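> Encoded as structure tokens, here's the structure I'll be asking about.
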Amino acid sequence: MKTPISFHDVQGIAFGILMTSLGVVFLKAAGLVTGQTAGLALLLSYLMPFGFGPVFFAVSIPFAILSWLKRGPDFTIRTLCSVAGIAVAVPVIASQLVFASIPPLLAAILAGACSGVGLIALFRHNSSAGGLGILALIVEQKTGFKTGWFQLCFDVVVFLIASLVLDPAQLLYSLVGAIVLNLIIAWNFTIDQSRKSA
């Protein structure tokens, strides 16, 4: 019989939401992007009259079906809660944390580090930030190909699209942040750490 979500899981997911959201705020402050679904949503938010939150949630919805089929309802519900949390937390944090100036290289490194740690926290508590993270976990579970490396491959596609919008310096700094994020995940997380902790 399935037990309810534990406090251990709740605090881990809350921490993951906070750190991942903070990473996005650093990117937005410097006008940068990242890879994965969050990067796509961030890029679209620069091009469309919608904020990051609604775009991020909308982009993540189709992956919820895949998640339900391949990872089960428990993971899917936790992931949807994490996605909603990030969608809400990013604009709230951004409205409170105002930077007079932030060097783009520092913003990229901080964004990659915060988001990397945040995503690991979500993964370890049987959740994700939605979108590509779901597919990446499924691929590692089935093939052993590490989540961080899979996401880095997808990031190449996002950055090719971003190159049409960002100037070369912004693109380079964004790439640094994405590399930091994915290396942190690749070096510090394996699929066997993604367990139901309740």
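> For the stretch 7-55, with equal point scatterers placed on the C-alpha atoms only and solvent neglected, what are the log10 I(q)/I(0) values from the Debye formula at q = 0.22, 0.27, 0.29 1/Å, to two decimals?
Reported log10 I(q)/I(0), two decimals: -0.77, -0.98, -1.07.
> Using a Gaussian network for the chain with springs between C-alpha atoms less than 10 Å apart, which of these wobbles most: Ser82, Ser127, Ser115?
Ser82
> Taking all pairs of different Cα atoms in the stretch 1-107, averaging 1/r and flipping that mean, what Kirkwood radius in angstroms comes out?
It works out to 14.9 Å.
> For Tyr46 and Leu164 in the same chain, what is the full-extension length gain: residue separation times 0.36 nm, less their Cα-Cα distance, in nm?
41.2 nm
> If I require 20 Å or longer along the helix axis, counting alpha carbons, and a Kyte-Doolittle average no lower than -1.0, what helices from the chain are left? Use full DSSP H segments.
7-30, 52-70, 72-96, 104-124, 147-162, 168-188
> For the stretch 74-157, just run the numbers: alpha carbon Rg, then divide by 2.2 N^0.38 Å, N being how many residues it has.
Computed over Cα atoms of the stretch 74-157, the ratio equals 1.23.
> Another question, then. Would you mind checking which residues have amide H under 5 Å from Ser6's amide H? H placed 1.01 Å from N; only 5 or more apart, or other chain.
Long-range HN contacts for Ser6: Ala198.
> From the Cα trace of the stretch 109-198, what convex hull volume per residue do you get, rounded to a whole Å³?
Expressed per residue, the convex hull around the Cα atoms of the stretch 109-198 is 84 Å³.
> If you split all Cα-Cα distances of the chain into 5 Å bins from zero, what percentages do you get per bin, shortest first?
For the chain, the binned pair fractions read 1, 9, 17, 22, 22, 15, 8, 4, 1, 0, 0 percent.
Coordinate-derived values only; no laboratory data. Please read these numbers as outputs of a predicted model, since none were measured by experiment.
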